[in-house]
C-alpha cells in the first residue's frame, strides 16, 4: 500500500468537498477574512435548511438572524459552496459550528 502525504491546502479542499456533499447541522461556512456565508440548521434527504442572514449585536459582533431560515435543495447547497463560486480568488472553508456562536434571540 502506498501512502500519500497531502499538502494542507489539498486536505482543506478535500474536507470542504466532503462537508458540501455531507452537511451536518451546525456546519458553519465562511469566506476569506471570516465573513459569514451560512450555517446549516437542519439536513433532510433532499434539502438543507440554512441561515445566511446575520445581525449586528453591537461591540463589533454579530449573530445569525435565525428567524429567516432558507430551504435549499442539496444541489443548490453544493453549488452555492463550490470553491470560487462567488468569483475571483475567493475560497471557502468548512468548520464545525460552535454552539456558543448562535443565539435564538
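Before we move on, is residue 37 modelled with pLDDT of 90 or more, crowded, with 16+ Cβ neighbours inside 10 Å, part of a strand (DSSP E or B) and within 13 Å of the chain's Cα centre (by Cα)? Quick ask: steps written out before the conclusion?
Working: modelled with pLDDT of 90 or more: no; crowded, with 16+ Cβ neighbours inside 10 Å: yes; part of a strand (DSSP E or B): yes; within 13 Å of the chain's Cα centre (by Cα): yes.
Spelling it out, it is not the case that residue 37 is modelled with pLDDT of 90 or more, crowded, with 16+ Cβ neighbours inside 10 Å, part of a strand (DSSP E or B) and within 13 Å of the chain's Cα centre (by Cα).
Is it the case that segment 49-71 has a residue that's within 14 Å of the chain's Cα centre (by Cα), part of a helix (DSSP H, G or I) and at negative phi?
Within segment 49-71, not a single residue is within 14 Å of the chain's Cα centre (by Cα), part of a helix (DSSP H, G or I) and at negative phi.
Could you grab me the full set of residues in segment 6-34 that are surrounded by fewer than 15 Cβ atoms within 10 Å (Cβ to Cβ) and in a strand (DSSP E or B)?
Restricting attention to segment 6-34, the residues satisfying the condition of being surrounded by fewer than 15 Cβ atoms within 10 Å (Cβ to Cβ) are 6-11, 14-15, 18, 21-22, 24-25, 31-34.
Answer for segment 6-34, where residues must be surrounded by fewer than 15 Cβ atoms within 10 Å (Cβ to Cβ) and in a strand (DSSP E or B): just 31.
Testing residue 75 on (1) assigned to a loop (DSSP other than H, G, I, E, B); (2) out of contact with any strand residue (DSSP E or B) (no Cβ under 9 Å at 6 or more places or on another chain); (3) at pLDDT 85 or above, one condition comes back false. Which one is that?
It is condition (1) that residue 75 fails.
The values are calculated or read from the model by the stated rules, or taken from the named source; none is laboratory data. Note that the coordinates shown come from a computational prediction; the quantities given were computed from them, not determined experimentally. In this analysis, Cβ positions are derived from the backbone assuming ideal geometry, glycine residues included, and neighbour counts consider all displayed protein chains.
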